[in-house]
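See below for the structure under consideration.
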Amino acid sequence: MLSMKLRLSALVALALPATADVQLVWYQSADNYTTIGSTVVSAPAIDVEAADDFVFTGAITRVIAHGYAGFGSGGTLAIDGVWVRFYADTGSGPGALQYEVFVPEGAAHFTHDAYPSNLDVTLPAPFQASGSHFVAVQLVTPGNHTWANWSANVGNPAAAPAHTRNNLAAGSWAPFQTVLGAHVDLAFELWGDDGTSTGDPVDPCGAWQIMEPPPFPANYRTVILRDVVAIANDDVWAVGDPSVEVQTFNYKSRTLAMHWDGDEWSRVPTPDPGAIPAPNQRTSLVAVDASGANDVWAVGNYQIQDPVGFLVDQPLVLRWQGSQWSHLPTPLIGLGTGITDGSTYDVDVVAQNDVWIVGFGGGQPVATHWDGSGFSVFYPDFSGLGGGTPGLELTAVDGSAANDVWAVGGGSDGDFSPLTVVAHWNGSDWQPVAAPAPGLNRRLFDVHVRASDDVWAVGQYAQLVGSSLEYFGFALHWNGASWRLFDSALEPVGSLAVHAFGPNDVYSAGAQIYHYDGTGWSVADDLEQSSGDVIQASIAGLDAAEDCHLWAVGRQDLAGALMPITARQQGPSVWATTPRSCANAPGLPGGLELVSGPKLGTTFDVRVGDPNGLAGVTPSLTHTFWAASRNAFGNCVGTIAGAGALGNPAALLIDWSPLLVLNGPITWNGVGTAALHSVPIPNNVSLTGFTFSTQGFLFDPTVSPSLRLTNALDARLGE
């Protein structure tokens, strides 16, 4: 029995992220206004080079150029490789060549998509930038194909405009102009390290992990996720509105629902109802909420024809009751008022028979209520706050009870408003609530209600800075009597989504994840943007089934192609160990020492054999074992069949009958040389919270008693 050796399953290896000090240091987003040739073609010979300037001091390690495979490509492009060059900035254009490298097709540090539209090169050796330089990326193709950079910042280039030259004709560099005479930049991004350590953001709930979304069909051009609801850690829904190619170069938005089952995301079919036949109809899902696993609501918009034949938006409501999504018809909003569009932005499921849907219709804010059998429509009136109701809309809604529901908003059609739009449902009607109004105008995007005295809202405000209008995020907190304002001009605050675990434990999101600890806001996680795995993130939805298990959904900008992001908060290191011993029992005093763990995906390490009190036990002839059991003996008394011959059963602290692991033997070489026992713990979140008791022992068959038992460690597995 003592030679038996059982182990937990092997640790699942996790890839380490790239260094956090390599960051996005220069970014110019594609505007798809025009293209600028930058291709070397073997036959017929073409050698057009385009370069643009940037300013950075430090090591450039990665260059991504955004462009377009033009005529002759047929949707794919044969590629020989890519040139990357850096030039000095003379003040009037590119100057002396400072760095040049050719990376062939197939090299591990050159990647691109199928068209291609993105050329991604990790430089074999960094370029040491020291201020202003020009960079050029040229694709080399073997035949009659072309590739060109997308433009950026049309009419308002950053510093110098893009420059081009014909290398075959020994042409000189000249600023590029569009056919209308506007100067432009190139669409590209640079990644590098300026030599100063930024340090990783620290989330008190643990690290965030990007969770891969399901594969999408080839005709999905862009995919944006708008909202998420977490019913349980293995029951999460996210919704959005992909842009789908319904005909050649004809894209329409469609509905999208995704479900997380604890292991992976999957797409779940959703109906696209409406009077306008596909492919002309435009539909979307923008919000999701639930009262339980079999009562999930998703809302958005679809198109109908109004009485005079125009296409107008109307609320789209879908409901999941355990097997499929079904369309729930709603009252038409705004028809007959002269302004017929009705837009939906959010849903809150207080209970199965108490659901609120908010948006805009008939030129004013709308709140639609489901009571279990039908819908009622309300039009909150904000004129009492000095702002006219027309021209406003509600963007978010959340409640803690049937008589405690809050809604926030802004100007209609996505605009900002001079009024800070906040309203409260008290069980009988909607009442506008005065709130702080930073800046010139503002718009609130999300609200989260924990209790009647703990309400959070986030949004943005516009403010003149010099002669330019700039935008800042802000957060509001209602304590039951008054509002408190948090301004991103003073501290980092996310502006698009908010979720609170407590009044001093709040998360907001936008470009990053932010946390409020009761004293101030800080960046909690950048969602792998510092490592280059995510670019230009925008998080639109936050939700959690339990504390420290937030989900975030949104999108990232890949050269103008918006693609989805889903990320999960891994939870804190909640593992714990508690030592336990029997003061009156003979045996080894102490003897079992924690080294590390027990934490998922790591090892549980203990030392057996110290500190002392081992008279009669012979080093090198003694072996140590470590046992783990589901059950502990609370009174420190247990028995083992035949244990009398082994000695000392009174010091047995765990029940060996449901033994999970018996690890050993490991040779013990005396006091001060305790034997290390290391057991892998599976990286399986379903084991979180698993509790067990452990005990060590030393066995020397040459002495009596031959078995010496240690103290115990009671353990709880954590993430």
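Quick notes
- Extension reserve of the N631-T57 stretch, reckoned as 0.36 nm per residue once the Cα distance is removed: 200.6 nm
- Per residue accessible area of the range 139-241, 1.4 Å probe, in Å²: 44 Å²
- Rounded percent of accessible protein surface that carbon and sulfur make up, the range 421-467, 1.4 Å probe: 46 percent
- If the chain linking L594 and A481 were pulled fully straight, counting 0.36 nm for each residue of separation and taking away their Cα-Cα distance, it would gain 35.7 nm.
- Scoring 484-497, 160-173 by mean Cβ neighbours within 10 Å over their residues and listing the highest first yields 484-497, 160-173.
- The range 80-143 - percent of accessible surface contributed by carbon and sulfur, probe 1.4 Å: 56 percent
- For the range 239-248, putting each phi into the Karplus relation 6.51 cos²θ - 1.76 cosθ + 1.60 with θ = phi - 60° gives couplings of 10, x, 9, x, 8, 10, 7, 8, 9, 4 Hz, in residue order, rounded to whole numbers and with x for Gly and Pro.
- Here Q324 and A402 are evaluated by their C-beta separation; at R0 = 22 Å the FRET efficiency comes out at 0.15.
- For the peptides 411-419, 501-509, the ranking by mean Cβ contacts within 10 Å, running from highest to lowest, is 501-509, 411-419.
- Treating r as the C-beta distance of A232 and S92 and R0 as 56 Å, the FRET efficiency rounds to 0.35.
- Spin-label pair F310-L490: with each label point 7 Å from Cα along the Cα-Cβ axis, the two points sit 4.4 nm from one another.
- Packing here is the average count of other Cβ atoms within 10 Å per residue, and on that basis the peptides 357-370, 122-135, highest first, run 357-370, 122-135.
- For the pair S130 and R267, the difference between a 0.36 nm per residue extended length and the Cα-Cα distance amounts to 44.6 nm.
- Cβ-defined net charge surrounding Q314, 10 Å radius [Lys, Arg +1; Asp, Glu -1]: -3
- Simple spin-label estimate for Y115 and S373 gives 5.4 nm between the two label positions (7 Å along the Cα-to-Cβ direction from each Cα).
- Protein accessible area in the range 211-307, 1.4 Å probe - carbon and sulfur %: 45 percent
- In nm, spacing of pseudo-spin labels at V101 and S538 (7 Å Cα→C-beta vector): 3.3 nm
- Neighbours of T330 by Cβ distance under 15 Å: Lys/Arg scored +1, Asp/Glu scored -1, total -3.
- Taking other residues whose beta carbon is less than 12 angstrom from the beta carbon of N504, and scoring Lys, Arg as +1 and Asp, Glu as -1, yields -2.
The values are calculated or read from the model by the stated rules, or taken from the named source; none is laboratory data. Just so it is clear, the model here is predicted, and its values are computed rather than measured. Cβ coordinates were reconstructed from backbone atoms using ideal geometry, including for glycine residues, and neighbour counts include every protein chain displayed. Remember, those area values only see protein heavy atoms, side chains included, never the ligands or the DNA or RNA. Shrake-Rupley method; radii C 1.70, N 1.55, O 1.52, S 1.80 Å.
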